[in-house]
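Before any comments, here is the structure.
The values are calculated or read from the model by the stated rules, or taken from the named source; none is laboratory data. Since we're looking at a predicted model, the values are computed, not measured. Cβ coordinates were reconstructed from backbone atoms using ideal geometry, including for glycine residues, and neighbour counts include every protein chain displayed. Just the protein is used for accessible areas: all its heavy atoms, side chains included, with ligands, DNA and RNA removed. Shrake-Rupley method; radii C 1.70, N 1.55, O 1.52, S 1.80 Å.
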Amino acid sequence: QVRLVVPMAVVFSPGSVPRDLPRPLPFRDVQEMEISVNLRTSVTSHYEMRYRSTTGQEEAALAAATAREADAALHPLQDTTMGSLTMYVVPETSSLLPQGINVYVGKHRSALVRAGGSLAALQARLREVTQVMSFTASSIAATLSDRVPNGQLSPDARRNLKSSLGYEITFSLLNPDPKSHTVDWDIEGAVNRYVKPVLDKLSLLANFSVDSQILYYAVLGVTPRYDKESSSFLLSAHSLPHVINPVEARLGSSAASLYPVLNFLLYVPERSHSPLYIQDKDGAPVSTNAFHSPRWGGIMVYNVEAPASPPASLPLHVDVDMARVMEVFLAQLRLLFGLSREEVPPEFLLERPGNEGLADWELDHLLWAHTVENIATVSTTLTSLAQLLDKIGNIVIKDDVASEVYRAVASVQSAVTKLSLGHLHAAFQASKEAVTSSERAFFDPSLLHLLYFPDDQKFAIYIPLFLPMAVPILLSLAKIVRETRLRKKEPTKMD
């Protein structure tokens, strides 16, 4: 049973303290909620809330002109431990939050919350904020999707990438018509400028490797439909799934990879199919001219503007606008990791993460999800290993395999304990060690079940070999025994 503890500080600024507080500040309160995954598995969320008043420095920071300036000034004054949250309660009449906005979530691990008048209204808002910034019942269910009964998950729940010790990211430029287009893209500069800051922040989660390739004469495999009204070619939503398989056969990156591969494809349409636009299910053009596939990656169609006058010579030289392309690919990367901001209530204002690509609390959101998933993975792996060893009675378990199993059990118990203490980072590291040890034990070559035969298979193999030889030997032995008995019965002559 996993217990997720979230340390929270609720800080009241002057004029925001509800009148119906149960006791004078400072005091502590605890809220618990059970998230049921299936009949046997449940996760308990435990919020340890510390209510207090602002300090002088915090009051000065909250006197800033905008919420963004206040968030930047408050950051050095708050608890920056991973998994912890700080809520600053401001008065109802505060001009710090825009009109119609009740909650401002910053780039770090804090939020500004408008006081709701009563303690019950404030706690309802705080509950919404904590679920946005840490985890929800749906995010835990999506994390443990393998254990949730069919029909109880939303269609998007299986979209997120599964937890892994590493990921490989491949950027591919597809130029199906090199006779017409010479495409130049500064992928190395774009990765260093846009992708590297995001991966530096995600490096706490897993190891990442990035590579790129250019594929010529690689077509989508689906013939787009020509639209006379717009004089363009269209790809409808129902034809998009058929685009990936022909392209994936050309990529060749996932065949030799130990880790999940994320593919981001930039497709420059051939001259005979330009311009090419993607339509959604309602028939409207997609603004980004891109789509993503769950747990696989994304494809963006990059149209080349036709020159006003007929070209004197082909091929045309095309310089790709990498800022526009990377904006789409980074948004798709966030979706693949389950960092969607579309599910936030309308009265919430979320600060953009900037160059880093994700806020501190979004990183914590991933750590919560991956820690729980790692614990479940280790539990499943060790259970499967135990069942395998029970089936084969004569299997030999080496000392190094046994030590990996012991290490996995100790690490997963440590992860569960650290979660119950609110130490998110230490719990995640312990869960990674548990996954590594359990996988090493499970995939050890000495535990291959084909090396060990059941007794009935042994009889089936050896009887046809030894029975033909055994029959004359047994008959000879029987004859010798019979002759020996007859010799004993014959009377001996006495002189």
Kindly provide the set of residues from the range 229-262 that are within 25 Å of the chain's Cα centre (by Cα), closer than 26 Å to Ala284 by Cβ and outside any helix (DSSP H, G or I), ordered by number. Leu240
Give Leu235, Leu262 a once-over and let me know the one that is open to solvent by less than 20 Å² (accessible area, probe 1.4 Å), in contact (Cβ under 8 Å) with a residue 12 or more places away in the chain, more than 13 Å from Trp296 (Cβ to Cβ) and in contact with a Phe, Trp or Tyr (Cβ under 8 Å, 6 or more places away or on another chain). Leu235
Please work out if Leu419 is farther than 30 Å from Leu336 by Cα, open to solvent by less than 40 Å² (accessible area, probe 1.4 Å), assigned to a helix (DSSP H, G or I) and not polar (S, T, N, Q). no
Out of Ala60, Ala70, sole residue that is part of a helix (DSSP H, G or I), open to solvent by 60 Å² or more (accessible area, probe 1.4 Å) and among the hydrophobic types (A, V, I, L, M, F, W, C): Ala60
Test of understanding: among Leu382, Leu424, Leu419, which residue is in contact with a strand residue (DSSP E or B) (Cβ under 6 Å, 6 or more places away or on another chain), modelled with pLDDT of 90 or more and not assigned by the TED database to the domain that holds Ala323? Leu419
Criterion first (in contact (Cβ under 8 Å) with a residue 12 or more places away in the chain, of a type in the set (S, T, N, Q) and open to solvent by less than 70 Å² (accessible area, probe 1.4 Å)) does Ser437 satisfy it? yes
Selected residue (criterion: most open to solvent (accessible area, probe 1.4 Å)) from residues of the range 194-228 that are in contact with an Asp or Glu (Cβ under 9 Å, 6 or more places away or on another chain) and part of a helix (DSSP H, G or I): Asp200
Considering only residues that are surrounded by 13 or more Cβ atoms within 10 Å (Cβ to Cβ), among the acidic types (Asp, Glu) and free of Cβ contacts under 8 Å to residues at least 40 places away in the same chain, which ones fall in the range 167-193? none
Looking only at the range 441-453, count every residue that is exposed (fewer than 13 other Cβ atoms within 10 Å of the Cβ) and at pLDDT below 70 and tell me the total. 3
Of the conditions (1) without any contact (Cβ under 8 Å) to a residue 60 or more places away in the chain; (2) of a type in the set (Val, Ile, Thr); (3) surrounded by fewer than 20 Cβ atoms within 10 Å (Cβ to Cβ), Val113 satisfies every one except a single condition; which number is it? (3)
Qualifying position, being more than 20 Å from Asp360 (Cα to Cα), of a type in the set (Asp, Glu), not assigned by the TED database to the domain that holds His365 and not in a helix (DSSP H, G or I), among Asp29, Asp79: Asp29
Starting from residues that are touching a residue at least 60 places away in the same chain (Cβ under 8 Å) and part of a loop (DSSP other than H, G, I, E, B), keep the ones in the range 32-45 and report whichever is least open to solvent (accessible area, probe 1.4 Å). Val37
Suppose the filter is under 20 Å from Glu373 (Cα atoms) and among the hydrophobic types (A, V, I, L, M, F, W, C); does Met87 pass it? no
Cβ-Cβ under 8 Å pairs, at least 6 apart or on other chains, the range 65-77 side of a type in the set (S, T, N, Q), far side crowded, with 17+ Cβ neighbours inside 10 Å and assigned to a loop (DSSP other than H, G, I, E, B): Thr66/Leu96
